[in-house]
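> Take this structure first; my questions come after.
Please treat every number below as a calculation from the coordinates, not as lab data. Just so you know, these numbers come straight off a predicted model, no measurement behind them. Backbone-built Cβ (ideal geometry, glycine too); neighbour counts: all protein chains shown.
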Amino acid sequence: MITNLLQRLKQGSRKLHIERVGIKFTLKMAEQELRDRSGKLLGKIRDLGAGKLEIRNASGSLKGTYDPRSNETRNASGSLIGKGNLLSSLL
């Protein structure tokens with residue numbers, strides 16, 4: 001059951017509720033909003049698990065990913081942007 005729920009989270013579900021025997025669990029993927037000085041949403045960085053991160057613009061389009069194992073940031077088409085977490089530079 002837990003494996004199935006984790007797979008659903010990886011597929012993009014932002015929040016899952018499980019109720020069993022009177023116990024309620026909430027699993028949420030970590031997400032950080034990036035906003036300008038006026039509060040306008042510029043994009044979101046989401047934790048994909050295992051340290052991997054992705055960045056999406058305000059309309060939800062994938063802009064790139066960061067993999068801590070390789071310490072590389074790549075754009076949406078998979079091209080190397082550079083070493084380190086450079087996700088915010090993709091907006």
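> Would you kindly derive the ³J(HN,Hα) couplings of region 82-90 from the backbone phi angles with the Karplus curve 6.51 cos²θ - 1.76 cosθ + 1.60 (θ = phi - 60°), listing them in order in whole Hz, with x for Gly and Pro?
Karplus-based 3J(HN,Hα) across region 82-90 equals x, 7, x, 8, 10, 4, 5, 6, 8 Hz.
> While we're on this one: With each pseudo-label sitting 7 Å past Cα toward Cβ, what's the Glu72-Ser38 distance in nm, one decimal?
Once both label points are built, they end up 3.8 nm from each other.
> Using a Förster distance of 35 Å, how high is the FRET efficiency between Ala50 and Leu91, based on the Cβ-Cβ distance and rounded to 0.05?
According to the calculation, E is roughly 0.90.
> Step through the residues of region 41-55 one at a time and calculate ³J(HN,Hα) from phi using the Karplus curve (6.51 cos²θ - 1.76 cosθ + 1.60, θ = phi - 60°), rounding each to whole Hz and writing x for Gly and Pro.
5, 9, x, 9, 10, 10, 7, 8, x, 6, x, 5, 10, 10, 10
> Which whole-Hz couplings ³J(HN,Hα) result when phi for each residue of region 56-69 is put into the Karplus expression 6.51 cos²θ - 1.76 cosθ + 1.60, θ = phi - 60°, listed in order with x for Gly and Pro?
Working through the residues one at a time gives 10, 6, 4, 8, x, 6, 5, 10, x, 9, 10, 10, x, 5 Hz.
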